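Peer 1: Quick one: structure below, then a few questions.
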Amino acid sequence: MNTDIVIANIRPQNVALSIIVSAGLLILIFELVRNKKLNEEYSWLWMLTAFALLVLSVFPKLLLWLTHSIGAVAPMSTLFFSGLIFLLLIVLHFSTIISKLSNNTRLLSQKLAILELKLKQLSENEHKK
């Protein structure tokens, strides 16, 4: 595949749009973190993805090199594959968070049950006096 031919087929409007969208996404993520609407611990994967999109937008030859390196036929295939990897990482990340929250909920429920039992016992002891 001749990269010069593919690069020549990329319209400047498409490059400009992809730069604007990826930079906008990066700014949006920073604003969400700054306004405490997105926790920092959840933002790293989003920031990494937005930065990667920005780099690929600014350097389209890098996308072509990546496409050739993974053996894909078209740059669009590389983008879809990258999107699939991103979604898998997001799902894995959220699964670990859900597991952690589930364990915390179980521990809190057990502690609450113990406290309710102690409160009931104290209440019964007060009524016996």
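Peer 1: Between 115, 89, 26, which gets the highest mean-square fluctuation from a Gaussian network model of the chain, Cα cutoff 10 Å?
Peer 2: Of the options given, 115 has the highest mean-square fluctuation.
Peer 1: On to the next question. Just want to confirm a number: the relative contact order over the chain, from Cα pairs under 8 angstrom separated by 6+ residues, in percent. Display every interim value, and only then the final one.
Peer 2: On the way: 46 pairs, mean separation 25.0, N = 129.
Relative contact order for the chain comes out at 19 percent.
Peer 1: Further question: Put a dot 7 Å past each Cα toward the Cβ at residue 20 and residue 51; how far apart are the dots in nm?
Peer 2: 2.5
Peer 1: Additional query: At 222 nm, what helix-only mean residue ellipticity would the chain give, in deg cm²/dmol to the nearest 500, using -39500 (n - 2.57) for each DSSP H run of four or more?
Peer 2: Working: 5 runs with 114 residues, N = 129.
Helix contribution divided over all residues of the chain: -31000 deg cm²/dmol.
Peer 1: For a quick size check, give me the Cα extents of the chain along its three principal axes, largest first, whole Å.
Peer 2: Reported extents, whole Å, longest axis first: 93, 32, 13.
Peer 1: So what's the angle, to the nearest 10 degrees on a 0 to 90 scale, between helix 12-34 and the longest Cα principal axis of the chain?
Peer 2: 20
Every number in this text was worked out from the coordinates using simple rules, so none of it is lab data. Note that this is a predicted model, so its numbers are computed, not measured. In this analysis, Cβ positions are derived from the backbone assuming ideal geometry, glycine residues included, and neighbour counts consider all displayed protein chains.
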